[in-house]
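Quick notes on the structure that follows.
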Amino acid sequence: MNRDRFHPDHPFLYADFFPTVWCAGCGIGTVVHSFIEALKASDITPRETGVVSGMGCSRKISECLKLPSFSVSDGRVVDFSVQYGLEHPTHQVVAFLNNADFLLTG
C-alpha cells in the first residue's frame, strides 16, 4: 500500500484504487460514499457485509472496497446475492446493479 495516499474512508477503501475511472458526474462515487456513511452509522460489522456488483463501471465498486465483495457477470447479481446470503446467513448482502443487471433480471 502506498503510504503517501490517504482517504478519509481508508478503513473501507483501498487507497491505491484512487483516482478512479469513474466520471466526475456519474454518481457512483456518491453512492459508494453514502454506502460507507450508512455502514459507519449502523451497527453492521463491515466484515459481515457482502457486496455484489455487476460488470462495467459498477464492477469497480467491488474492487475498491475492503469488504467481502464480488463482481459477477451481467444478469447474475441478484442470483449471486441471494446465494451468498443463503451461504452466509449472518452477513448483510448489498447488491449494486447497473442498467444491464436491471434489464436482465426483470
Sequence ranges 9-20, 87-98, ranked by mean other-Cβ count within 10 angstrom, highest first: 87-98, 9-20
Neighbour-count ranking [beta-carbon atoms within 10 angstrom, fewest first] of Val72, Val77, Val82: Val82, Val72, Val77
Viscosity 1.002 mPa s, temperature 20 °C, Stokes-Einstein D of the chain from Kirkwood C-alpha radius, µm²/s: 149
Order of Leu104, Leu65 - criterion: other Cβ atoms within 10 Å of each residue's Cβ, fewest first: Leu104, Leu65
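Computed from the coordinates by the stated procedures, all read-outs in this text should not be read as laboratory data. Computed from a predicted structure; not experimentally measured. Note: ideal-geometry Cβ built from the backbone for every residue, glycine included; neighbour counts use all protein chains shown.
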